[in-house]
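The values are calculated or read from the model by the stated rules, or taken from the named source; none is laboratory data. Just so it is clear, the model here is predicted, and its values are computed rather than measured. Cβ: placed from backbone, ideal geometry, glycine included. Neighbour counts: every protein chain shown.
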Amino acid sequence: MQFALINQWIRALLREVLRYKWLVAGCFAIVSLSVLMLGAVWPKKFVSTGLIHADRQNIIAPLLAGSAEVTEINLDESKLVREVIFAPRLMEAVAKDVGLLNGGENSRQVEAILNSLRAGIQISDVGKSYIGISFGANSPDRAFKVVNSIIDNFIKDSAQTKRRESKDAYQFIDRQVKSYKDQLREAESRLKQFKAENLDGTEDAANTRIASLRADIEGMNLDLQEAQTKRAEVTNQLQRENRTVNKNYKADVYRERLTKAQTQLDNLRLSYEDTYPDIVVLKQQIEDLKKAIVDIDNNDDKSSKGPSSSDLSINPLYEQLRSQLAEVDVDIRTRDNRLQSTKRLLDAEYDRAKRIAERQAELSELTRDYTVTRGIYEDMLERKEKARLSMTLDLEGKGVTYKIQEPPAFPISPSGLRFMHFALAGLFVGAILSVGLVACYIQFDPRLRFTASMFDEFPVPILGVVPHISTPVVTRLMRKDVIQVGIFLLAVLAVYVGVIMIRFLGIV
Amino acid sequence: MQEKDKAKTEIKIHALEDSRPRREGGGDLVLHTHQIKNMADVRPLSQAELDELKIIYAGMHNREALNAFREIRTKLFQHAGKENFVLMVTSACEQGGSSFTSVNFGAAVALDRSKTSIVVDCNLHHPHLHLMLGQNPEHGLADYLEDTAINLDDIIYASGISRLRIIPTGRECEPGVEVFSSRRMKDLLAELRSRYSDRCVVIDAPPITASADSRILQELCDFIVLVVPYGRVTRDQIMSAVDAIDRDRLVGIICNDF
């Protein structure tokens, strides 16, 4: 069914084209010739293209990874490049290079010129980290110059930008370091001043001192208590002893002497005879002693009434105890004094501690300031070193650079639509348009032309389809007409080819 | 009666076949009026002339057209059965090809040696059939319907194709005059139908949408076909034509000139 419809459609098309042959031929002629004329006046376009490479490879970067920042280029290469190139600064430089701007134009003209430049520039990503820059113009000279100028300016600019960036960063950090150093010094001096003014010392010192003083006081208290106990004890003992003592003891003394003498005598007797002078003396002494003892014993019996003052003597133990007591007293007094003065010291110390506590807040703030400032300063020093390293890296040209991968070529042949394209297109467009119009006419005309679709459409059946019958006269006329149209078309083609020839011979 | 008719038919046709005066030289058709009694005088149309008139004949180059009409004829005869029928051919628009179709249908019927056909030109305002005759005929259908003096035999003409007769319109009538509803027309058709066995009556009617004549005529016919020309009518026009025709009698559509 579908095939029959297509078949009929083509036959209908042919029939209508034959019917309207003059119109179709005329349309073809007009369209093709006008396309040809358009091609003849179409301006030539020359395009010059350069390729730049965004170089990211370098040996040092991985070695210094983490310690220096390599200025990264945005991954969206062509966009960034476009932004930089289209900026007025670079565009003006290019325009001046090429000769479009002479410096005398007002801002609107300048803007117009720059915009026309921008319109012709194409920037595209060509694979990984390659960027293509191209410019189309009417003359090859202009295209070439513009692309050259753009690439030159861009590469110079980007190198400068990179250096400037890292140098700026370094300088910034340097300034920061200086300012922090000043701050640190200030904090230090404030702290020093504070310490100079407040010799009280620190809280810890005061506390330690208080503790030691208290320990001392406690010790002293213990000692004092000990001394007092001793005094009490001595006093006690003193009370028990008599002040004086009988001479009886003298007898004891004599007896002791006697014993001694006897011992001595015995010793002498061992060595000497009794007639030895020492022994005789000693015997005499012993006799004296014995007599004294007997005397004392006899006196004792007589003096049982009471001691007389001549018989009394000072008890040595008593004397000793008394002296001990005196010592203890002195000791106690000494210790007490000491205790008191220590207590006074302790009070003074408490006052000091209070003063210190008052100043503590200020001190801690100053200390904190100082510590923090010092920390930051040290950090900034570190960064400064890093920045210096990066700067050196960039300055030496390592890091990311733009390089010319392919310099722009001088365009010898024009690109884009050329005359030949128009010439060929003209024929096609003419044919298609003219036949196409007829096809549209057939398609949109509501009158029936195809039986293939009619068989089911009406409530009555189709009895038959009678084909077109033409009479011999009509056929003859038709043939004549067709030949005339054919000649017309040939004439058009001749004109067509003629124009092409003229173009090639005339221009070339 | 049947046998008599049959004999009559045979004689007549036979007569036609026998006497065939040749045409003198080339050029135009020989000019003379043909009467049914003088069927034998009719010179048959040459192939060139038939081509010029766009009438089919056996052995023509355009096989497709010939076969198309044969098929139409066969279908109609199948539809009609055994009896003679009156077929009305009308078209959906002016110059739709109803005359062309009716004449060719008649010619297709006449291809069969055992059948005859007669085509009646009822296009009173745009007659066409007289062209086959070469010269304006003396009498035609309009004359017959107006003037009772004219006999049926006077208006039947031989067409130049064997076994095909035509009744031309005759003189032109004023538009608006309706003659087909008369008794005389009915009688005419009845007569035509019954005169011969195996005769097919074809009425070439004006376009159904153009005048009321066709609507009147359709009462008098057995079957009606609608001719739809190439590239002249829209679907809506065809549908309105179909609706205007009595559905019982409408056999089908013939697509013409496609």
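Per-residue answers, yes or no, for (1) over 26 Å from residue B:143 (Cα atoms); (2) of a type in the set (D, E, K, R); (3) touching a Cys at 6+ places or on another chain (Cβ under 8 Å); (4) facing another protein chain (nearest Cβ under 10 Å):
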position: B:63; (1), (2), (3), (4): yes, yes, no, yes
position: B:83; (1), (2), (3), (4): yes, yes, no, no
position: B:86; (1), (2), (3), (4): no, no, yes, no
position: B:89; (1), (2), (3), (4): no, no, no, no
position: B:93; (1), (2), (3), (4): yes, no, no, yes
position: B:99; (1), (2), (3), (4): no, no, no, no
position: B:103; (1), (2), (3), (4): no, no, no, no
position: B:116; (1), (2), (3), (4): no, no, yes, no
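Exactly one residue out of A:136, A:132 is at pLDDT 85 or above, in contact with a Ser or Thr (Cβ under 6 Å, 6 or more places away or on another chain) and under 21 Å from residue A:52 (Cα atoms), and it is A:132. Just wondering, is there one or more residues in the range B:165-185 that are of a type in the set (A, V, I, L, M) and buried (at least 22 other Cβ atoms within 10 Å of the Cβ)? Yes, the range B:165-185 contains a residue that is of a type in the set (A, V, I, L, M) and buried (at least 22 other Cβ atoms within 10 Å of the Cβ).
Here residue B:136 meets the list (1) surrounded by fewer than 24 Cβ atoms within 10 Å (Cβ to Cβ); (2) polar (S, T, N, Q); (3) within 14 Å of the chain's Cα centre (by Cα) almost entirely, failing just condition (3). Per this entry, residue B:232 is counted among residues that are assigned to a loop (DSSP other than H, G, I, E, B) and touching a Gly at 6+ places or on another chain (Cβ under 8 Å). Taking the conditions (1) over 15 Å from the mean Cα position of the chain (by Cα); (2) among the aliphatic types (A, V, I, L, M); (3) modelled with pLDDT of 90 or more in turn, residue B:185 satisfies each one other than (3). Would you mind stating whether residue B:211 is among the hydroxyl-bearing types (Ser, Thr, Tyr), closer than 15 Å to residue B:92 by Cα and within 14 Å of chain A (Cβ to nearest Cβ)? Considered against the rule, which asks whether it is among the hydroxyl-bearing types (Ser, Thr, Tyr), closer than 15 Å to residue B:92 by Cα and within 14 Å of chain A (Cβ to nearest Cβ), residue B:211 comes out as no.
Quick one: is residue B:251 in contact with a helix residue (DSSP H, G or I) (Cβ under 6 Å, 6 or more places away or on another chain), outside any helix (DSSP H, G or I) and within 14 Å of chain A (Cβ to nearest Cβ)? Taking the combined requirement at face value, the residue satisfies it.
Among the residues of the range A:458-480, which ones are within 10 Å of chain B (Cβ to nearest Cβ), more than 29 Å from residue B:250 (Cα to Cα) and either in contact (Cβ under 8 Å) with a residue 12 or more places away in the chain or in a helix (DSSP H, G or I) (or both)?
Initial filter on the range A:458-480 (within 10 Å of chain B (Cβ to nearest Cβ)): A:458-475.
Now drop any that are not more than 29 Å from residue B:250 (Cα to Cα), which leaves A:471-475.
Correct list: A:472, A:473, A:474, A:475.
For every residue, the table says whether it meets (1) touching a strand residue (DSSP E or B) at 6+ places or on another chain (Cβ under 8 Å); (2) of a type in the set (A, V, I, L, M).
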| site | (1), (2) |
| --- | --- |
| B:90 | yes, no |
| B:116 | yes, no |
| B:123 | yes, no |
| B:126 | no, no |
| B:132 | yes, yes |
| B:153 | no, no |
| B:156 | yes, yes |
| B:160 | no, no |
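Per the listing A:366, A:346, the residue uniquely part of a helix (DSSP H, G or I), in contact with a helix residue (DSSP H, G or I) (Cβ under 6 Å, 6 or more places away or on another chain) and at pLDDT 90 or above is A:346. Checking each residue in the range A:275-319 for being of a type in the set (D, E, K, R), modelled with pLDDT of 85 or more and over 14 Å from residue A:254 (Cα atoms) picks out A:278, A:283, A:319. Take the residues of the range B:65-74 that are facing chain A (nearest Cβ under 8 Å) and out of contact with any His (no Cβ under 9 Å at 6 or more places or on another chain): which is surrounded by the fewest Cβ atoms within 10 Å (Cβ to Cβ)? Per the stated criteria, the residue is B:71. Taken as a whole, the range A:444-457 holds no residue that is surrounded by 12 or more Cβ atoms within 10 Å (Cβ to Cβ), of a type in the set (S, T, N, Q) and either at pLDDT 85 or above or in a strand (DSSP E or B) (or both). Tally time: how many residues in the range B:223-247 are more than 8 Å from chain A (Cβ to nearest Cβ) and buried (at least 18 other Cβ atoms within 10 Å of the Cβ)? Residues meeting the conditions: 6. Residues of the range A:16-49 that are buried (at least 17 other Cβ atoms within 10 Å of the Cβ) and within 14 Å of chain B (Cβ to nearest Cβ): A:16, A:17.
From A:486, A:436, A:426, which residue is more than 14 Å from chain B (Cβ to nearest Cβ) and touching a Leu at 6+ places or on another chain (Cβ under 7 Å)? Result: A:426 is the single residue among A:486, A:436, A:426 that is more than 14 Å from chain B (Cβ to nearest Cβ) and touching a Leu at 6+ places or on another chain (Cβ under 7 Å).
Among the residues of the range A:364-385, is there at least one that is touching a residue at least 60 places away in the same chain (Cβ under 8 Å), basic (Lys, Arg) and under 30 Å from residue A:5 (Cβ atoms)? Write out each step before concluding.
Of the range A:364-385, the ones touching a residue at least 60 places away in the same chain (Cβ under 8 Å) are A:366-367, A:369-370, A:373-374, A:376-377, A:380-381, A:383-384.
Filter once more, keeping what is basic (Lys, Arg): A:374, A:383-384.
In the following step, the residues that additionally are under 30 Å from residue A:5 (Cβ atoms) were identified as none.
Within the range A:364-385 (the criterion being touching a residue at least 60 places away in the same chain (Cβ under 8 Å), basic (Lys, Arg) and under 30 Å from residue A:5 (Cβ atoms)), the answer is no, since none of the residues qualifies.
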